[in-house]
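As structure tokens, the structure follows; a few thoughts come after it.
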Amino acid sequence: MASYDLTPRMAPNLDRHLVFPLLEFLQERSLYEDEQILKSKIELLNKTNMVDFAMDIHKSLYHTEDVPQDMVEMRKEVVARLKALEEAAAPLVAFLQNPNAVQELRADKQYNLQMLKERYQIGTEQIDALYQYAKFQFECGNYSGAADYLYQYRELCTNSERSLSALWGKLAAEILMQNWDIALEELNRLKEIIDSKSFASPMNQVQSRIWLMHWSLFIFFNHDNGRTQIIDLFNQDKYLNAIQTSAPHLLRYLATAFIVNKRRRPQFKDFIKVIQQEQHSYKDPITEFLACVYVNYDFDGAQKKMRECEEVILNDPFLGKRIEEGKFSTVPLRDEFLENARLFIFETYCRIHQRIDMGVLAEKLNLNYEEAERWIVNLIRSSKLDAKIDSQSGTVVMEPNQPNVYEQLIDHTKALSGRTYKIVSQLLEQSQAQPAR
């Protein structure tokens with residue numbers, strides 16, 4: 001299943017520190033040779049300051065206690081540079097560690113700069129030194145210290161570009177520490193800036209959105225409410241256009257979110273059209289499963305794709321998260337995916353058949369006869385299915401379901417309102433973008 005591994009496509013859109021968790025997962029799943037993974041790790045580490053980590057990997061890769069001389073020299077340089085930056089930032093760090101002094105800060109950044117200069121002899125040089133020190137801490141793998149210093153830097157910084165860079169660093173640090181609630185707050189803050197900021201080129205804004213979506217996967221597939229929020233973000237017109245333009249592989253994650261989401265969304269039908277349009281540029285078993293069920297009505301094909309989907313999920317760093325339960329480990333998303341995928345097949349199959357043979361249905365759902373019967377009984381009991389089982393003939397009889405004209409009218413009106421809102425928003429954006437005359 002290495003053929004469906006998206007790491008080569010994902011890595012260019014991630015900070016190199018965020019690539020390490022992906023490599024760790026691939027190593028655990030043995031998708032590639034250990035030697036290949038270790039070489040990739042060293043290649044990443046060579047452009048960071050995590051020299052001790054690089055030395056440990058070098059020893060594992062080459063089965064030796066000796067390390068190259070250039071690594072030894074680099075370690076000395078890193079320690080010396082860290083000490084110099086620590087000294088440069090020391091006056092401001094000491095101020096920030098003094099609770100009584102910090103209380104003097106206000107929301108007005110210009111006031112803060114003047115107050116620091118007059119009372120504590122701290123100027124823009126020390127503030128810039130704090131940024132460099134925080135960045136260096138991040139490169140050394142001290143994500144907790146980096147996150148604290150970057151937050152404090154942004155509270156004092158008046159340079160919007162540098163402040164934005166610090167926010168990206170803060171987000172990466174929170175992700176790497178697995179602080180999902182804080183990371184989500186930083187993600188939303190970054191999204192607001194990207195959507196409102198004036199970029200030198202529209203492509204720069206598109207690229208920023210693509211980076212944001214890639215980084216967000218760590219959060220959305222670990223946060224309690226993430227599977228809903230990934231749909232809210234990825235399915236917005238601007239972000240969906242960015243996916244279709246430059247990152248169609250992200251459709252895997254949006255498709256998965258739609259499938260496992262308990263509440264079916266009105267946007268789902270439009271998303272199926274996107275899947276159909278993008279089949280030439282990207283497809284994998286998960287997107288193909290939706291195409292089989294909702295575009296081609298190929299239920300045999302959908303059944304085969306379900307088996308492949310399970311393998312894709314197990315071998316995907318974001319979807320295949322394992323939870324240890326005693327001596328056993330489970331992949332919750334896989335179980336939810338398969339359950340909902342069966343429901344998708346069943347619902348669509350039932351729309352075009354009034355009486356269904358239980359044996360045929362069990363085959364379509366990739367279950368044995370008893371499991372299929374039990375599964376359908378549970379659906380009927382939970383009111384998810386308006387049908388009854390004819391035990392004598394071994395069939396499921398669907399109750400006729402006439403569409404409610406009033407509900408259809410309400411749905412169409414809602415869709416019309418949504419489209420009108422989008423058009424008005426686009427017109428307002430265009431008018432604001434035009435230079436004042």
I'd like the accessible area for Lys305, computed on protein heavy atoms only with a 1.4 Å probe and all protein chains in place. Round to 10 Å², please. 40 Å²
Find the relative contact order for the chain and round it to a whole percent, using C-alpha pairs within less than 8 Å whose residues are 6+ positions apart. 9 percent
How large, in percent, is the carbon and sulfur part of the accessible surface of the stretch 179-247 at a probe radius of 1.4 Å? 46 percent
For Ala387, enumerate residues with amide H under 5 Å from its amide H, sequence gap 5+ or separate chain, H modeled in the peptide plane. Glu399
Net charge dipole size for the stretch 160-276 [Lys, Arg +1 and Asp, Glu -1 on Cβ; Debye, nearest 20]: 460 debye
Karplus-derived HN-Hα couplings along the stretch 204-211 (A = 6.51, B = -1.76, C = 1.60, θ = phi - 60°), whole Hz, x at Gly and Pro: 5, 5, 4, 5, 5, 5, 5, 4
Out of the stretch 32-111, which trypsin sites (Lys or Arg not before Pro) are coil in DSSP terms and have no more than 16 other C-beta atoms within 10 Å? Lys47, Arg106
Average accessible area per residue (Å²) across the stretch 301-385 - probe 1.4 Å, nucleic acids and ligands excluded: 52 Å²
Can you pull the Rg over Rh of the stretch 179-247, Cα-only, Kirkwood? 0.96
The long-range amide H neighbours of Gly123, using H built 1.01 Å from N in the peptide plane and a cut-off of under 5 Å, are none
Residue-normalised accessible area of the stretch 179-247, given per residue in Å² at a 1.4 Å probe: 44 Å²
Work out from phi, with θ = phi - 60° and the Karplus expression 6.51 cos²θ - 1.76 cosθ + 1.60, the ³J(HN,Hα) of each residue of the stretch 100-109, listed in order in whole Hz, and give x for Gly and Pro. 5, 5, 4, 5, 6, 6, 10, 6, 7, 5
Low-density loop chymotrypsin sites (Phe, Trp or Tyr not before Pro), the stretch 293-356, at most 10 other Cβ within 10 Å, DSSP non-H/G/I/E/B, are none
With θ set to phi - 60°, apply the Karplus curve 6.51 cos²θ - 1.76 cosθ + 1.60 along the stretch 241-250 and write out the HN-Hα couplings as whole Hz, x wherever there is a Gly or Pro. 5, 5, 4, 5, 6, 10, 9, x, 5, 5
Too-long pairs where the Cα-Cα distance tops 18 Å, listed order kept, from Lys191/Lys238; Lys83/Lys135; Lys283/Lys304; Lys41/Lys135: Lys41/Lys135
Cα-centre dipole for the stretch 179-247 with unit charges at Cβ (Lys and Arg positive, Asp and Glu negative), debye to 20: 260 debye
Within the chain: Cβ-based charge dipole about Cα centre, in debye rounded to nearest 20 (Lys, Arg +1; Asp, Glu -1): 1380 debye
Using modelled backbone amide H atoms (1.01 Å from N, in-plane), which distant-in-sequence or interchain residues come within less than 5 Å of Thr395's amide H? Met358, Asp390
Just report the Cα centroid separation between the stretch 286-316 and the stretch 144-201, whole Å. 38 Å
Excluding ligands, DNA and RNA, what is the solvent-accessible area per residue of the stretch 14-153 at a probe of 1.4 Å, expressed in Å²? 57 Å²
Considering only Phe271, Val424, Leu176, whose Cα is most displaced toward the positive end of the charge dipole of the chain, charges sitting on Cβ of Lys, Arg (+1) and Asp, Glu (-1)? Val424
Under Stokes-Einstein, the stretch 198-344 at 25 °C and 0.890 mPa s, with its Kirkwood radius over C-alpha pairs, diffuses with a coefficient in µm²/s of 154 µm²/s
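The values are calculated or read from the model by the stated rules, or taken from the named source; none is laboratory data. No experiment lies behind these values; they were computed from the predicted model shown. Cβ atoms come from the backbone with ideal geometry, glycine included; neighbour counts cover every protein chain shown. Side chains included, ligands, DNA and RNA excluded: accessible areas come from the protein's heavy atoms. Shrake-Rupley method; radii C 1.70, N 1.55, O 1.52, S 1.80 Å.
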